[in-house]
Amino acid sequence: MIAIIDYNAGNISSVQNALKRLGYESIITRDKEQILSADKVILPGVGEASTAMSYLKEYELDAFIKELKQPFLGICLGMQLMCNSSEEGTVDCLGIFNSDVKLFPPKEKVPHIGWNSLSELKGDLFNSMNAPKDVYFVHSFYAELCEETSANCDYIFPFSAALQKDNFYATQFHPEKSAGVGEQILKNFLVL
Amino acid sequence: MLKKRIIPCLDIMDGRTVKGINFVGIRDAGDPIELAKKYVEQGADELVFLDITATIEKRATLIELVKRIAQEINIPFTVGGGINSLENAARLIKAGADKVSVNSSAINNPQLIKDIADKFGSQCMVVAIDTKLIEDEWMVFMHGGRTITPLKTIEWVQEVERLGAGEILLTSMNNDGTKSGFALNITSKVSDSINIPVIASGGAGLKKHFVDLFKNTTISAGLAASIFHYGEIPIPELKQYLLEQNIPIRL
């Protein structure tokens, strides 16, 4: 069973729908027992960082998440919350990844919306993917490149499109909305 | 590099698509899901569903349809048409819409843009604007283009950006249905006057029109309906052509 963490973030059902299309059942939950016993855990999210962090704290999931041992995937805001801090609402985040989340400067259109290519692919999420692939992004804040960056994307400058450390995986893009390429990335996570 | 987006628009009435009955290769062209899936296969970058259902009673069918779309489609989609309250938008987003678009109701109540953006984020707040050239001034129209407003287009887009819109869908009424090309002048001016992405709509008739739209402009996406529905320009052929013209496109 796959647990999708319910912390009032938007459009969680799209992740559940994507898993279902791939033949995986999932539950949307904030129950710690259910999360602990899940094979995989996903932290999805569309929303505002400081509000989302306060919900994780309110549900006492902040320290709890960091202790999880099974494969864990953060998506979009979920990924940003796994970094050190975010400029969105100026908030300390979970600190799993040694990267800070900052607002794109207005040198190009912000939000960064649409299909953009991944490069410098590393690690399990991108198994069997070699050629540069386009995936769907929608965000105004980005995670700086760091040692844990497992894929780059270039918009105004290079930033972390994906991160990986131990059992923790994360993508800034939305694999659940990235057509066949996104499905491959989700599958790669689901078979870990 | 960020790619320019090609977005087919599907008109929905009472839960059925009302154009596209000549679409080649699908069994039930009235079924929005089947048409949408076809577009996804062809490489559409996003989809827009515009609900033109006249009666409020039948709008419940839209929620059910949005749930089905969200279950079956693996690219982002926007739902618009008749959204006039935060509750209304919330129901569609909860059903799985990635974005909602508002038009007349945002003109009547600009606070609605802010309310939706605050609650669900700017990324899901698309403001659709119908514009028409009236004596040297591009004016905003409402009620599906039937009613002129006192709003000047450039001033209105700047206002909706300030209120928290994440994207603008700009339709030139002068060009819509003409197949003579997009309204490059006003669309470029709009895009250059704000820092959020602009989707151009109205006038697409040839592949070349998309090159004109994307070459040397900051416009992010092109939307069209009939040329895709009736198979006049298949999306794969359009995308291949754009790529050959050095437009960044996802294949």
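Taken together, the values in this text are just the output of simple stated rules run on the coordinates, not laboratory data. Please read these numbers as outputs of a predicted model, since none were measured by experiment. Ideal geometry is used to build each Cβ from the backbone, glycine not excepted, and the neighbour counts take in all protein chains shown.
Please state the shape class of region A:139-192: rounded when a/c is under 1.5, otherwise prolate if a/b exceeds b/c and oblate if not, all from the C-alpha gyration tensor. Before the final figure, lay out the partial values.
Values: a/c = 2.50, a/b = 1.31, b/c = 1.91.
Oblate is the answer for region A:139-192, as a/c is 1.5 or above yet b/c matches or exceeds a/b.
Look at B:PHE210, B:PHE182 and count the other Cβ atoms within 10 Å of each Cβ; fewest to most, that gives B:PHE210, B:PHE182.
Just A:PHE64, A:PHE141, A:PHE157 to compare: in a GNM of chain A, with alpha carbon springs under 10 Å, which one fluctuates most? Largest GNM mean-square fluctuation: A:PHE157. Contact order, relative form, for chain A: 19 percent (alpha carbon pairs under 8 Å, 6 or more residues apart, mean separation divided by residue count).
Rounded to the nearest 5, what is the percent of antiparallel bridges among the DSSP beta bridges in chain B? Write down the numbers at each step before the final one.
Values: 10 of 41 bridges.
Antiparallel bridges make up about 25 percent of those DSSP assigns within chain B.
For chain A, give the share of DSSP beta bridges that are antiparallel, in percent and rounded to the nearest 5; count only bridges with both residues there.
Just about 60 percent of them are antiparallel.
Where a Cα-Cα gap under 12 Å defines reach, which aspartates and glutamates qualify for B:LYS207, not counting those fewer than 8 residues away within the same chain? Of all the aspartates and glutamates, those that pass the test against B:LYS207 - Cα under 12 Å, at least 8 places apart if same chain - are B:GLU232, B:GLU237, B:GLU244.
Over chain B, dividing the summed -39,500 (n - 2.57) contributions of all DSSP H runs of at least 4 residues by the number of residues returns a 222 nm mean residue ellipticity of -10500 deg cm²/dmol. Only the Cβ atoms of Lys and Arg (+1) and of Asp and Glu (-1) were treated as charged; on that basis the dipole of the protein assembly as shown about its Cα centre amounts to roughly 900 debye.
The length gained by stretching the chain between B:LYS215 and B:ALA60 to full extension, at 0.36 nm per residue less their Cα-Cα distance, is 51.7 nm. From least to most packed, judged by other beta carbons within 10 angstrom and beginning with the fewest, A:MET1, A:MET82, A:MET53 follow the order A:MET1, A:MET53, A:MET82.
If you take the square roots of the eigenvalues of the alpha-carbon gyration tensor of region A:97-192 and sort them as a ≥ b ≥ c, do you get rounded (a/c under 1.5), prolate (a/b over b/c) or oblate?
Numbers: a/c = 1.95, a/b = 1.35, b/c = 1.44.
The shape class here is oblate.
As a calculated quantity, the FRET efficiency between B:ASN246 and A:GLU108 at R0 = 22 Å, using C-beta atoms, amounts to about 0.75.
Averaging the sequence gap over all C-alpha pairs within less than 8 Å and six or more residues apart, then dividing by the number of residues, gives region A:84-192 a relative contact order of 24 percent. Considering only alpha-carbon pairs that sit under 8 angstrom and 6 or more positions apart, the relative contact order computed for region A:1-115 is 22 percent. For the pair region A:63-98 and region B:179-251, the centres of their Cα atoms are 38 angstrom apart. Name the shape class, rounded, prolate or oblate, that the alpha-carbon gyration tensor gives for region B:177-251, where a ≥ b ≥ c are the square roots of its eigenvalues, rounded holds for a/c under 1.5, and otherwise prolate holds if a/b is larger than b/c and oblate otherwise. Note, shape of region B:177-251 comes out oblate.
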